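Everything on this sheet refers to the single structure shown next.
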Amino acid sequence: MKNEFILAFNEVLEEKQLPKDVILQALEVAMVSAYRKDVNASTAQHVECRIDPDTGRVRIFAEKEIVEKAQDDRTEISLDEANKTDPNAVLGGMIVVESTPENFGRVAAQTARQVIQQRLREAERDTQMNHFNKQIGEIISGVVQAITPNGLTMGLDMKAEGLIPPGQQVRGERFRLHDRIQALLVEVKQSSRGPQIILSRSHRNFLRRLLENEVPEIYHGMVEIRSIAREPGQRSKVAVAALQPAVDPVGACVGIRGVRIQAIVRELNDEKIDVIEYNADPSVYISKALSPARVNGVYLVDQHKASKTATVVVPEDQLSLAIGRDGQNARLAAKLTGWRIDIKSLPEAASDALHKLQSDPDYAFMKEHEHSVVPQVENILAKKAEGRPVTPEEYQTIAQFVDRIERGLIRRRDAEKRVEDTKVKEIKATIPEAAFAMDLVDLPFSDRLYDELKLAGYDTVGSLMLQLKLDSDEILKLGGIGPKAMDEIKTILNTIDFSEQSQEPVVEVLPEQESIVIPAVELPVEEPVIEKVEVVEEPVAVATAESLTLESVAQTEEEKIPESELDELVEPVGVEEEDGLAKLFALRPDVLNPVDAEYEEEEDGDGIINKKGKKGKKASKKRRTVEMEYDPDSGVMLVKRKHKHDTGDNWNL
């Protein structure tokens, strides 16, 4: 037979719907708190509780200091008592021993009641938060618990409560207490009283989830919902498309005799739902979106611009149906398609077409072609204005006239767009591809000019050059850019060398273990050409550190160059130094083609070189020549010098 602890524990598990470990942890924390309060223990002392889930026995363990004789049983224990628990215990150490007081179960039950309730509430809130966070965007069901001006309160699973604010309710819906309703879980907020669950019945995704639940083809991915436009409680439009052949998307959503759609309409309190088939052609899509009205023609005015506008012509008897009550049908169609829709009746469209043909220069190219039809259309419109009957043939005449006028301008604009695209493509071909990869930040523009160009959308050098060649006035229209700024832009762009940008050096990564063997090439031995150049008294200035000066190599006769220093001056040429030698030879052609150079130096008796304008003792002039030669066998540069008194081909290495 189970004891009372097990029965109570199972009852809490069933009531709170919490994991077993969570409740055990809450009980242990409560028992530790009750022990500290019972014995007045310090919070710095380590105390832990262990509960046996089978028997319900509660044991308290506390950390105590080992002393010879305990003075305070709460924090100290004698060595003899400590050895019973741990034979290796020593004086001055710490040990965790059982310290359960007598009658602790009854006292702890009274003391720990509030702590247990608090811990259980916190665990219950955390569980609710995690559970409902996973269901955001899904439909959940609940029972109406309260109806207040602040919203509708619903009772949900896990003893949670959800709120439908007034802004998320459908106007006209009336509920009573204990009614079971469905709503979309929009948001879960953390508050001091637990998770605050926000629900909605007016969100358009609520209709989307209802369609997924009622239509298996949508749930399994055979039919896709492309767009939804909804005015809650009044009317909704849904555009669907089939992702598999031989599937009727509209028929799948409506169901046999409208069974599927009627179930959704009942849930939405008789909200009207129009299901239309999506079409990639905007004209056809807009025509279907205006259903149930019939449409004569849809003309896309600004198809190539960001603000898309469509002019829709409908028969005169379909105008009110196309617009809808308070413009609802046209408004929903515009939301569904993403186009700005301008609806006109057929006589109104014909009158506008006549006016454009006579006054608008964009329509002047069609005047000659339509000159014979214009009087006929004017007569039909006059009959209509006078209230005389108009035959269907006459309606057909003005409908064809409007269609020719509107489509003629559209075709011309499309042709101009194609010509413009071709022109842009040709001009773009004249701009190097490297320009479209170069950022404007790499150019020396001023900060103000760079910000203006960046804000206008010119991110690369290529886009800026393209606009300059197409129409430079567009850049002048930007704020803060005038003629001086234009001159600065053109000057900077003209200084760019795209050949260096396009030709990137190819670096071949060689393995570290491999070495390069350069075959020896026998070159014809030529007699060195010795040219003597006398240096004037003006000092020679060294421009850069990269250029090699022969003065650093050629010293006076008394200053001999040791071999160790010579090796530091001239290092073996390796793979990594080839580029450096190429730069060296480019900077100093006299190194590539060795030429004997003569230098004159004036020294005083102390070995100090006299400069021009200073007085000193008579200096002795010494001349010498220096030559550098590359030895392919040893792979080093050899420095040879020859003094004036040397004769023949004697060179000192």
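In table form, for the structure just shown:
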{"quantity": "Single residue of 168, 196, 182, 135 found to be surrounded by 13 or more Cβ atoms within 10 Å (Cβ to Cβ), touching a His at 6+ places or on another chain (Cβ under 8 Å) and modelled with pLDDT of 90 or more", "calculated": "168"}
{"quantity": "Any hit, region 279-287, residues being touching a residue at least 12 places away in the same chain (Cβ under 8 Å) and outside any helix (DSSP H, G or I)", "calculated": "no"}
{"quantity": "Hits in region 384-395 (condition: surrounded by 11 or more Cβ atoms within 10 Å (Cβ to Cβ) and at pLDDT 90 or above)", "calculated": "394, 395"}
{"quantity": "Checklist (1) farther than 26 Å from residue 40 by Cβ; (2) modelled with pLDDT of 85 or more applied to residue 97, failing item", "calculated": "(1)"}
{"quantity": "Given (1) in contact (Cβ under 8 Å) with a residue 60 or more places away in the chain; (2) within 26 Å of residue 126 (Cβ to Cβ), index of the condition residue 38 fails", "calculated": "(2)"}
{"quantity": "Residue in region 197-213 that is outside any loop (DSSP other than H, G, I, E, B), of a type in the set (S, T, N, Q) and closer than 21 Å to residue 129 by Cα present", "calculated": "yes"}
{"quantity": "Selection count where residues are small (Gly, Ala, Ser), closer than 16 Å to residue 190 by Cβ and outside any loop (DSSP other than H, G, I, E, B), scope region 156-174", "calculated": "1"}
{"quantity": "Of the criteria (1) assigned to a helix (DSSP H, G or I); (2) on the phi < 0 side of the Ramachandran plot, which one residue 293 fails", "calculated": "(1)"}
{"quantity": "Close pairs from region 462-486: first closer than 15 Å to residue 452 by Cα, partner loosely packed, with under 14 Cβ neighbours inside 10 Å and of a type in the set (Lys, Arg), Cβ under 7 Å, at least 6 apart", "calculated": "480/448"}
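The values are calculated or read from the model by the stated rules, or taken from the named source; none is laboratory data. None of the values given here were measured: they were computed from a predicted structure. Glycine also receives a Cβ, built like all others from the backbone with ideal geometry; neighbour counts cover every protein chain displayed.
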